[in-house]
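For reference, the structure discussed in these notes is given below.
All of the numbers you see were taken from the coordinates with simple rules; none came from a lab. Quick caveat: nothing in here was measured; it's all calculated off a predicted structure. For neighbour counting, all protein chains shown are included, and Cβ atoms are generated from backbone atoms with ideal geometry for every residue, glycine included.
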Amino acid sequence: MPRLTVRPLTASDTAIAAGLLAQRHRRDRARLPMLAAGLEQPVGCEKLIAALVNNPRASGFVGERDGRAVGFVFGEQNLLPPEHFASQFIPPHSISIGVEAHAVADGEDAVEIYRALYRPLSEEWVGGGFFTQRWNIVPGDANVAEAVVSLGFGRHSVAATRDTAVPVEAGHFADIEVHRAGAEDIEVVTRLSDHLMMFHSRAPIFWPFLRTTDAAARGLNLGELESGKTPYWVGYLNGQPAGMQSFLKPGFTPPVVEPASDIYLFDGVVDENARGGGIGAALLRHSMRWAAENGFRTCTLHFASQNYSGGPFWLGHGFVPVEHTMERRIDERVAWANG
């Protein structure tokens, strides 16, 4: 087999990268038919690739054999201020390789190609002090997963998608009253959202609950409540708020899922003292009925890989993983301890 060579990816490679992404997406969609049909063709991928190429904080490399492109990887620098809402979920001064930002040609070995492409990228990133790096992949491709794991990445979180028309089944549903929250309910929404963040800060998840983002989180929630574009459903048990499911459009749905017909489930929480009583399932049944009636064919959410209760709940109620966020944290002492 001809030797693999690596070079920087430039704007002139947009169509080439789009073709590689379309190939990968066709393979992925054969396993996960709920993924966006429009990305099976290069023309559907070109907008995603152009956004990467034109991003001044992104850089990429392409792999070639005998002048033929066989793979590419792009990564973006995250430089969010501490008070930015997304800083609650994205590590400061980190790298993200989006699910749309890498691909390997049909018949090629992802382990060989991704390892070769990651080497110059990682050297560039670590040299710039970017020690936390995330790589998003579509589940089910063992070769891609092996490539990423072999480079030191482990699963951090999962994006999962559900068909809204499929009935929500459960052993029982709690007898709760479900109300759509308005701006006047911002304190209830904030309290339930904080309850979820506190849950994520405990074992075994250990996601930091950053109070520096409080103002931004409150502003986002209040803005959504005031706009009324998408609902915040609150479930009341004996007159007390016991759970909530809030929705955003477009939200944080991965770009491999068709955005026009998808609704993003933002906060899904049940009060710790009321879990296991059917409240979450009752809220989900109400939410999915609303989503289907309002023309949303799919619903997507994220959950922490280590979430011992949330993960099984969502997967047990029809959500199918469509993206794994893999994370690598490099020992920062390499910056000064390399002799």
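Across region 241-249, rounded Karplus estimates of 3J(HN,Hα) from the backbone phi angles (6.51 cos²θ - 1.76 cosθ + 1.60, θ = phi - 60°) give x, 10, x, 8, 10, 10, 10, 10, 9 Hz, Gly and Pro being marked x.
With θ taken as phi - 60° and the Karplus curve 6.51 cos²θ - 1.76 cosθ + 1.60 applied, the whole-hertz 3J(HN,Hα) list for region 272-281 is 4, 7, 10, 5, x, x, x, 5, x, 5 Hz, x standing for glycine and proline. Once you have the Kirkwood Rh of region 4-152 from its Cα pairs, apply Stokes-Einstein at 20 °C and 1.002 mPa s and quote D in µm²/s. The Stokes-Einstein estimate is 137 µm²/s. To test your reading of the geometry: what angle, between 0 and 90 degrees and rounded to tens, separates the Cα axis of helix 42-53 from the longest principal axis of the chain? The angle comes out near 90 degrees. Paramagnetic label reach from ARG202 (point 7 Å along Cα→Cβ; backbone nitrogen cut-off under 18 Å): within region 255-278, residues 268-278.
Rounded to the nearest whole Hz, the Karplus-based 3J(HN,Hα) values (6.51 cos²θ - 1.76 cosθ + 1.60, θ = phi - 60°) of region 21-35 follow the sequence 5, 4, 4, 4, 5, 5, 5, 5, 6, 5, 8, 10, x, 6, 5, with x at glycine and proline. Check which residues have an amide H placed less than 5 Å from ALA242's amide H, if you skip close sequence neighbours. Under 5 Å from the amide H of ALA242: GLY235, TYR236, LEU237. Among (1) 1.30; (2) 1.02; (3) 0.99, which one is Rg/Rh (Cα atoms, Kirkwood Rh) computed from these coordinates? Given (1) 1.30; (2) 1.02; (3) 0.99, the calculated one carries the label (3). Each label point was placed 7 Å from the Cα along the Cα-to-Cβ direction; for ARG26 and GLU124 their separation is 2.9 nm. Mean sequence separation of contacting Cα pairs (under 8 Å, at least six apart), scaled by the length of region 178-314, corresponds to a relative contact order of 24 percent. Among LEU222, LEU21, LEU283, the residue with the largest mean-square fluctuation in a Gaussian network model of the chain, with springs joining Cα atoms closer than 10 Å, is LEU222.
Counting 0.36 nm for each residue step from ALA142 to ARG3 and taking away their Cα separation leaves a gain of 47.7 nm. Taking the longest Cα principal axis of the chain as reference, the axis of helix 214-227 is set at about 70 degrees.
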